[in-house]
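The values are calculated or read from the model by the stated rules, or taken from the named source; none is laboratory data. As the structure is a prediction and not an experimental result, all values here were calculated from the model. Please note: Cβ atoms are built from the backbone with ideal geometry, for glycine as well, and neighbour counts cover all protein chains shown.
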Amino acid sequence: MPLNNDHFVAGNLVPARGLAAAIPLALRRNAEQMLSPSGGNPSFAYGLEGLKILAERLGHWGEAPDWKWCARFTYQVIEKRGTGGGAFRLLYQRFLEEAEETVPALRPHGLSASMGQIASLWSQLAGRLKEISESDTAAGFGQAARLVSEIAAREGDFYRQVLMLVCSARQALPGMAADSPRFFTTGSGNS
């Protein structure tokens, strides 16, 4: 395709809604994604479903001929490879801290603190996997699998709390519903 130096000027882009109104929508959509089933295909599982599948399978990773590499790579993916640490949960915690500043009604619910605890569990898992990768035996995957089960339970509780919070925002977050009542509908449509 030849380059013709075609371009356009976007001009003044105005957000469709203010940040304080967009935050509950972002929280809701993320929670719905984390809690929604991924179609039953374990090869493409994500969110809570993916964590549960990982918890079921991780205990058997020691049977793989390349178990050291599997443990090391997974440690790196969780903690090192551009995730911000804690499998992106530290980044999400920082977003939640800013969200609590922008939407003060979120503060009493402790979302950022809860996500910080979840991030810590992910970092513990990464540390355990790093230890496994540096050991001479494949022992430890069972303990790592139990930690993933704990993470899944905590994340499930967290995202259900978020959904309850934003879907009942008229009661739980006074003043937010006036920004855009459509943010607080349930379902996966474009609201």
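Yes/no per residue for (1) of a type in the set (A, V, I, L, M, F, W, C); (2) over 30 Å from residue 17 (Cβ atoms):
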{"site": "72", "(1), (2)": "no, yes"}
{"site": "76", "(1), (2)": "no, yes"}
{"site": "99", "(1), (2)": "yes, no"}
{"site": "105", "(1), (2)": "yes, no"}
{"site": "112", "(1), (2)": "no, no"}
{"site": "119", "(1), (2)": "yes, no"}
{"site": "123", "(1), (2)": "no, yes"}
{"site": "134", "(1), (2)": "no, yes"}
{"site": "138", "(1), (2)": "yes, yes"}
Q: Among what's in the stretch 147-165 and is in contact (Cβ under 8 Å) with a residue 40 or more places away in the chain and over 13 Å from the mean Cα position of the chain (by Cα), pick the residue that is surrounded by the fewest Cβ atoms within 10 Å (Cβ to Cβ).
A: 161
Q. If you check residue 8 against the conditions, is it modelled with pLDDT under 95 and over 29 Å from residue 167 (Cβ atoms)?
A. yes
Q: Name the single residue, out of those in the stretch 135-191 being of a type in the set (Asp, Glu) and part of a loop (DSSP other than H, G, I, E, B), that is modelled with the lowest pLDDT.
A: 179
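The rows are residues; the columns are (1) touching a residue at least 12 places away in the same chain (Cβ under 8 Å); (2) surrounded by fewer than 14 Cβ atoms within 10 Å (Cβ to Cβ); (3) of a type in the set (Ser, Thr, Tyr); (4) within 15 Å of residue 125 (Cα to Cα).
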residue: 10; (1), (2), (3), (4): no, yes, no, no
residue: 23; (1), (2), (3), (4): yes, no, no, no
residue: 73; (1), (2), (3), (4): no, no, no, yes
residue: 79; (1), (2), (3), (4): yes, no, no, yes
residue: 85; (1), (2), (3), (4): yes, no, no, yes
residue: 91; (1), (2), (3), (4): no, no, no, no
Q. Of the numbered conditions (1) surrounded by fewer than 17 Cβ atoms within 10 Å (Cβ to Cβ); (2) closer than 25 Å to residue 38 by Cβ; (3) in contact (Cβ under 8 Å) with a residue 12 or more places away in the chain, residue 127 satisfies every one except a single condition; which is it?
A. (2)
Q: Test residue 106 against the stated conditions and say whether it is among the aliphatic types (A, V, I, L, M), touching a residue at least 40 places away in the same chain (Cβ under 8 Å) and buried (at least 17 other Cβ atoms within 10 Å of the Cβ).
A: yes
Q) Considering 17, 28, which residue is within 28 Å of residue 162 (Cα to Cα), assigned to a loop (DSSP other than H, G, I, E, B) and either touching a residue at least 40 places away in the same chain (Cβ under 8 Å) or of a type in the set (Phe, Trp, Tyr) (or both)? A) 17
Q.
I'd like the full set of residues that are at pLDDT below 90, within 26 Å of residue 115 (Cα to Cα) and part of a helix (DSSP H, G or I), limited to the stretch 31-47.
A. 42, 44
